[in-house]
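The structure under discussion appears below in the form of structure tokens.
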Amino acid sequence: VLPVESGGGLVQAGGSLRLSCLASGSTFSINAMGWYRQAPGKQRELVAWIASGGRNINYRDPVKGRFTISRDDAKNTITLQMNSLKAEDTAVYYCNAVPYSPNSWGQGTQVTVSS
């Protein structure tokens with residue numbers, strides 16, 4: 001079963017969105033999980049990831065201080081709180097393990113930030 005991402009939408013620059021991902025699999029709780037994004041014409045990139053148990057969290061520089069990743073292993077979910085959104089955050093956002101599983105890409109959720 002593929003992950004199901006939700007929470008995307010159209011927002012003005014400076015606004016906020018909260019993305020959610022429902023993942024499946026008995027190994028969810030032992031995997032590092034991450035949020036990836038793919039902007040038009042660009043490669044997919046990992047922007048935030050969280051280790052099993054949530055003890056280790058990392059962000060790419062462009063989103064540091066604006067995005068917050070969290071996980072709930074009891075519910076097999078990860079979330080991404082995105083604040084102070086910028087036009088360059090426009091992309092389709094996906095969740096997947098870190099490192100990613102090639103066969104576990106969901107549909108993603110579109111985030112569009114208008115300037």
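The values are calculated or read from the model by the stated rules, or taken from the named source; none is laboratory data. Note that the coordinates shown come from a computational prediction; the quantities given were computed from them, not determined experimentally. So basically every Cβ, Gly included, is an ideal-geometry build from the backbone, and we count neighbours across all protein chains shown. Heads up: the accessible areas ignore ligands, DNA and RNA and are worked out on the full protein's heavy atoms, side chains in. Shrake-Rupley method; radii C 1.70, N 1.55, O 1.52, S 1.80 Å.
Counting Lys +1, Arg +1, Asp -1, Glu -1, what net charge surrounds P40 among other residues with beta carbon under 14 Å of its beta carbon?
0
Measuring from label point to label point, each 7 Å out along Cα→Cβ, what is the R18 to A32 span in nm?
Each label point is offset 7 Å from its Cα along the Cβ direction, giving 2.6 nm.
Roughly how many percent of the accessible protein surface of region 1-72 is carbon and sulfur, given a 1.4 Å probe and a whole-percent answer?
With neighbouring chains kept in place, the figure for region 1-72 is 50 percent.
What does the charge dipole of the chain about its Cα centre add up to, to the nearest 20 debye, if the Cβ of each Lys and Arg holds +1 and the Cβ of each Asp and Glu holds -1?
The dipole of the chain has a size of about 140 debye.
May I have the extent of the alpha carbons of region 60-115 along their three principal axes, as whole Å values ordered from largest to smallest?
Reported extents, whole Å, longest axis first: 35, 21, 19.
How large is the accessible surface of S84 in square angstrom, using a 1.4 angstrom probe and rounding to the nearest 10?
Counting only protein heavy atoms, the figure is 60 Å².
Taking a ≥ b ≥ c as the square roots of the Cα gyration tensor eigenvalues, with a/c under 1.5 meaning rounded and otherwise prolate when a/b beats b/c, else oblate, which class fits region 1-104?
In terms of gyration-tensor shape, prolate.
Ordering Y93, Y59 by accessible area with a probe of 1.4 Å, largest first, what comes out?
Y59, Y93
Which of the trypsin sites (Lys or Arg not before Pro) across region 6-115 are loop residues per DSSP, with 11 or fewer other Cβ within 10 Å?
The qualifying sites are K42, R55, K64, K75.
Report S70's accessible area, 1.4 Å probe, all protein chains in place, as a number in Å² to the nearest 10.
Roughly 40 Å² of S70 is accessible to a 1.4 Å probe.
At 1.4 Å probe size, with every protein chain present, just tell me what the per residue accessible area of the chain comes to in Å².
54 Å²
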